[in-house]
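Worksheet: the structure to be examined is printed underneath.
Read-outs throughout are calculated quantities, based only on the coordinates presented, and are distinct from any laboratory measurement. Since this is a predicted model, take the numbers as computed values, not measurements. Reconstructed Cβ throughout: ideal geometry from the backbone, glycine too, with neighbour counts over all protein chains shown.
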Amino acid sequence: MSDVLPHEHYLRGLELEEADRQSARLAYERCLAGDCSHLEARINLGRLLHIEGLHEDAERIYRDTQEADATLFFNLAILMEDLGREEDAIKFYREAIVHDPGLADAHFNLSMLLESGGDVQSAYRHLLAYHRLLRAHEDPAVFADHPQDE
């Protein structure tokens, strides 16, 4: 058994991502073998698997989490979109927004899916939320004047 702590494997994965994705994946897998609840390693491993086209493995990694997290749900929603599973994508974008209402890209992507599915009113609400979040990023005082839509 190695004396390397799971988080050290995670940090190694971060260092390797740009230069050597395969070794980064291995580092994240080792992290999760030592600490299956390490959320950041799970998110990063799922993303790398998705990028490499290993969609079933990415989905399994994302779904095996014990913790609800906006980034994880967002990544899972993108994966579902790429697999043509729009209803699942909508569900996971909504989950991402529940856990982080300020996740502008989730509002935008959800808006596009809802519009393509014919739910124009909900699509418009999320598109407005997206634009409000962009303005708030430029001027934080704007956000204080407009509560979030779901």
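Values for this structure:
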read-out	value
Helix-only CD estimate at 222 nm, as mean residue ellipticity for the chain, using -39500 (n - 2.57) per DSSP H run (n ≥ 4)	-23500 deg cm²/dmol
Linear extension gain, Glu87 paired with Ser116, 0.36 nm per residue minus alpha-carbon span	9.3 nm
Where labels lie 7 Å past Cα in the beta-carbon direction, separation of Ala19 and His7 in nm	2.4 nm
In region 51-141, the GluC sites (Glu not before Pro) that fall in loop regions by DSSP, at most 10 other Cβ within 10 Å	Glu67
Value of relative contact order over the chain, rounded to a whole percent, pairs C-alpha under 8 Å and six or more apart	12 percent
Per-residue HN-Hα couplings for region 123-134 [Karplus 6.51, -1.76, 1.60; θ = phi - 60°; Hz; x = Gly/Pro]	4, 5, 4, 6, 5, 4, 4, 4, 5, 4, 5, 5
